Amino acid sequence: MHEQVAERIAEQIRTGRYKTGERLPSEADLVEAYEVGRTTVRKALAELRERGIIDVQQGKPSTVRKRPSGRRVTPAVSAEARAGRRYLQLAQLLAEQINGGEYAPGERLPSENDMVEAYGVGKATVRAAIAELRSLGLIDVRQGKGSIVRAQTTPMLTGAVDRSISCIRSVWSIPELPEVEAPTVSRTTLDGLVASLLGQQDQDALSVDRLLFDPSSGARIAHRLLIPMATAADTPSLAHTPDAPVTELYAQLAASVGRLMFHEEVTAHAPLPDERAALELRDSSPLLVTYRITSAADTGRPLLCEELKAPSTVRLRFPITPSEHAGAARP
C-alpha cells in the first residue's frame, strides 16, 4: 500500500502542490489525509527519499528536493472511491501472493487483525478484500478457521490472436478484431518501458485507446497506440487522424520514411483494478502484454508503439520468417 501513497505524494509534487524546498505535511497529517497507518506513511516517505524526491531529517518535517520526472493526469476522486480502491489494491496484492505461491493451497491467510497491522488499513477494507478474493474463487472462508487458499486449476487456452503483418504492393494488412467501442484520443507523456522502447523519455505523445473483442475466445482486449510528437512532426498526417486504422498509419509512415521494420516484446503482469473492470476479468490471472515497435528500416529509429493487453486465456500467434545474413552458406 505504501507504493500508492508514495505515488500520490509524488504526483502532488509533480503538479506543483508542493514546490522544491517546501515542507510536506507532518506524518500525522499524512496518516489522516490518506487514511492509512503510520508504518505505511513512513515507508512511502522512505521510498520518496530513495528516489531523491524528498529529504528526510530526524526530528524535522520532510522537504521537497526535486520535482519528479514524467507527468500523469490523475482525476480527482471522492473519499468513497478512494476507499473502494484501497480494498481492491489489497485484494490484488493478496491475489498476487496466492498466484505466486506465497500461500499454498490449504494454507490459511493472516488474520484480520494481522492484516490491519501489516497493511495499515481498516477492518472494513480487509473484510472487503477477503470478500473479493472469495468471489474470485481464490479462497474459502470457514467459520472458526479463517480464510483458506483454494487449489487453483489452470484454465484451458482457447482463442488465438494472429499478430501477423503483411504488405503487398504498398497495401498493408493485419488481422483485425471488432471494436467494442469507438477509439479515444488523448495526449500523454511517455515514461517507463514504453519510453525506453521508443527512446522518448518524458516526451509528449498522442495516445489512441481501443477496446477490442476476440470472437474465438470471447475475451476483451485493450489496444493502445502511442505516436510520439516527434514522429507526428515528421509525418503530419498522423496527427490529423491518429485514430485511423493502424494499417493506414503504416502506409503514411512508409510513404514518409521508406521501408518499415517491426519487433515485438511480450511480458505479463497482474491486472490492476481498472484493467479488470475494462476487460471484464473474473479473476486476477496475469495479463499478457505485448509491445510492437514500428521503426524505420534504414535508420532503426523507433516511430510507433502498440501496446496490447489480453487475458492469459488468449493465445498470441506470431509468424516467424528466417532472416538471411550476408555470407551465409547456401545449399
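The values are calculated or read from the model by the stated rules, or taken from the named source; none is laboratory data. Because the structure is a prediction, the values reported are computed rather than measured. Every residue, glycine as well, gets a Cβ built from its backbone with ideal geometry; the counts of neighbours run over all protein chains shown. The area values use the complete protein model at the heavy-atom level, side chains included, leaving out ligands, DNA and RNA. Shrake-Rupley method; radii C 1.70, N 1.55, O 1.52, S 1.80 Å.
One residue stands out in the stretch 61-101 among those that are open to solvent by 90 Å² or more (accessible area, probe 1.4 Å) and touching a Lys or Arg at 6+ places or on another chain (Cβ under 9 Å): the one that is modelled with the highest pLDDT, namely R65. With respect to the conditions (1) modelled with pLDDT of 80 or more; (2) open to solvent by 60 Å² or more (accessible area, probe 1.4 Å); (3) closer than 20 Å to T189 by Cβ, I53 lacks only one, and its number is (2). In the stretch 206-215, the qualifying residues are those that are assigned to a strand (DSSP E or B) and either out of contact with any Lys or Arg (no Cβ under 8 Å at 6 or more places or on another chain) or not aliphatic (A, V, I, L, M) (or both), and the one that is surrounded by the fewest Cβ atoms within 10 Å (Cβ to Cβ) is F213. Within the stretch 286-308, the only residue that satisfies the criterion of being within 24 Å of L93 (Cα to Cα), open to solvent by 40 Å² or more (accessible area, probe 1.4 Å) and at pLDDT 85 or above is L288.
Criterion applied to P273, P242 was being more than 20 Å from S170 (Cα to Cα) and surrounded by 11 or more Cβ atoms within 10 Å (Cβ to Cβ), and the one residue passing it is P273.
With the condition kept exactly as written, say whether any residue in the stretch 248-266 is open to solvent by 20 Å² or more (accessible area, probe 1.4 Å) and either modelled with pLDDT under 85 or aromatic (F, W, Y) (or both). So far as the stretch 248-266 goes, yes, one or more of its residues are open to solvent by 20 Å² or more (accessible area, probe 1.4 Å) and either modelled with pLDDT under 85 or aromatic (F, W, Y) (or both).
Is there a residue being touching a Gly at 6+ places or on another chain (Cβ under 8 Å), surrounded by 15 or more Cβ atoms within 10 Å (Cβ to Cβ) and among the polar types (S, T, N, Q) anywhere in the stretch 190-205? Checked against the condition, which is being touching a Gly at 6+ places or on another chain (Cβ under 8 Å), surrounded by 15 or more Cβ atoms within 10 Å (Cβ to Cβ) and among the polar types (S, T, N, Q), the stretch 190-205 yields no hits at all.
If you take the residues in the stretch 164-175 that are open to solvent by 70 Å² or more (accessible area, probe 1.4 Å) and without any contact (Cβ under 8 Å) to a residue 60 or more places away in the chain, which one is farthest from the chain's Cα centre (by Cα)? Outline the logic, then answer.
The first filter runs over the stretch 164-175 and keeps only residues open to solvent by 70 Å² or more (accessible area, probe 1.4 Å), leaving 168-171.
With without any contact (Cβ under 8 Å) to a residue 60 or more places away in the chain added as a condition, the list becomes 168-169.
Working: I168: 35, R169: 37 Å.
Looking at residues that are open to solvent by 70 Å² or more (accessible area, probe 1.4 Å) and without any contact (Cβ under 8 Å) to a residue 60 or more places away in the chain, I get R169.
Listed by position, the strands (runs of 3 or more DSSP E) enclosed by the stretch 216-331 that each have at least 2 residues that are touching a Pro at 6+ places or on another chain (Cβ under 9 Å) are 219-228, 260-269, 287-296, 302-311.
Please tell me if E181 is over 16 Å from E307 (Cα atoms) and of a type outside the set (A, V, I, L, M, F, W, C).
yes
For the stretch 129-163, the candidate set comprises residues that are exposed (fewer than 11 other Cβ atoms within 10 Å of the Cβ) and in a loop (DSSP other than H, G, I, E, B); within that set, the residue that is modelled with the lowest pLDDT is M156. Within the stretch 270-291, does at least one residue satisfy the condition of being in contact (Cβ under 8 Å) with a residue 60 or more places away in the chain and more than 30 Å from E132 (Cβ to Cβ)? No; the residues of the stretch 270-291 include none that is in contact (Cβ under 8 Å) with a residue 60 or more places away in the chain and more than 30 Å from E132 (Cβ to Cβ).
With the condition kept exactly as written, say whether any residue in the stretch 102-112 is open to solvent by 80 Å² or more (accessible area, probe 1.4 Å), in a loop (DSSP other than H, G, I, E, B) and farther than 23 Å from R38 by Cβ.
Checked against the condition, which is being open to solvent by 80 Å² or more (accessible area, probe 1.4 Å), in a loop (DSSP other than H, G, I, E, B) and farther than 23 Å from R38 by Cβ, the stretch 102-112 yields at least one hit.
Taking the criterion of being on the phi > 0 side of the Ramachandran plot and touching a residue at least 60 places away in the same chain (Cβ under 8 Å), the only residue of the stretch 20-52 that qualifies is E35.
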